[in-house]
């Protein structure tokens, strides 16, 4: 799982890159891998005011649709229109050309509530371990000649 150290993260798998008074937002490598092939992105409208943790965009894949949340309160200043014609950029370059939107943040202090790369890795590792511990152990089944379990 690729987790660049120079970004901030949310528990809902968005990444955040600070760019002065603005932030650029996308979904993490983990999120795009879980969604699989992205086929459509509903982008936010520029100038939309958003609240922290409110849905801002939607990413649809062959597997599922997922809301993308605002990491902090702010105003949408840019949407990645390249995703309209090539939504697969989210899969091929989630931390670069696959960004989704940019926000002008209301308060830089709100960024303190986001996760560092180390904290995001730990959270993701903890979720993976939880899933593994909840998965029942696989048990071999011996089959008799007639195809019935032994």
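What are the residues in the stretch 56-76 that are surrounded by 14 or more Cβ atoms within 10 Å (Cβ to Cβ), under 13 Å from residue 100 (Cβ atoms) and either out of contact with any strand residue (DSSP E or B) (no Cβ under 8 Å at 6 or more places or on another chain) or free of Cβ contacts under 8 Å to residues at least 60 places away in the same chain (or both), if any? So that I can check it myself, show each step before the final result.
Here is the first cut: in the stretch 56-76, the residues surrounded by 14 or more Cβ atoms within 10 Å (Cβ to Cβ) are 56-61, 66, 68-76.
Then drop every residue that is not under 13 Å from residue 100 (Cβ atoms), which leaves 56-60, 66, 68-71, 76.
Within the stretch 56-76, 56, 57, 58, 59, 60, 66, 68, 69, 70, 76 meet the criteria.
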Among the listed residues 72, 77, 59, which satisfies the condition of being in a strand (DSSP E or B) and in contact with a helix residue (DSSP H, G or I) (Cβ under 7 Å, 6 or more places away or on another chain)?
-> 59
Counting only residues in the stretch 44-55 that are in contact (Cβ under 8 Å) with a residue 24 or more places away in the chain and in a strand (DSSP E or B), the one surrounded by the fewest Cβ atoms within 10 Å (Cβ to Cβ) is identified as 49
Look through 41, 3, 25 and report the one residue that is in contact (Cβ under 8 Å) with a residue 40 or more places away in the chain, in contact with a strand residue (DSSP E or B) (Cβ under 7 Å, 6 or more places away or on another chain), crowded, with 16+ Cβ neighbours inside 10 Å and over 15 Å from residue 105 (Cα atoms).
-> 41
Answer yes or no as to whether residue 94 is within 19 Å of residue 11 (Cα to Cα), touching a strand residue (DSSP E or B) at 6+ places or on another chain (Cβ under 9 Å) and either at pLDDT 95 or above or assigned to a loop (DSSP other than H, G, I, E, B) (or both).
-> yes
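The values are calculated or read from the model by the stated rules, or taken from the named source; none is laboratory data. Nothing here was measured: the structure is a model prediction, and the numbers come from that model. Glycine also receives a Cβ, built like all others from the backbone with ideal geometry; neighbour counts cover every protein chain displayed.
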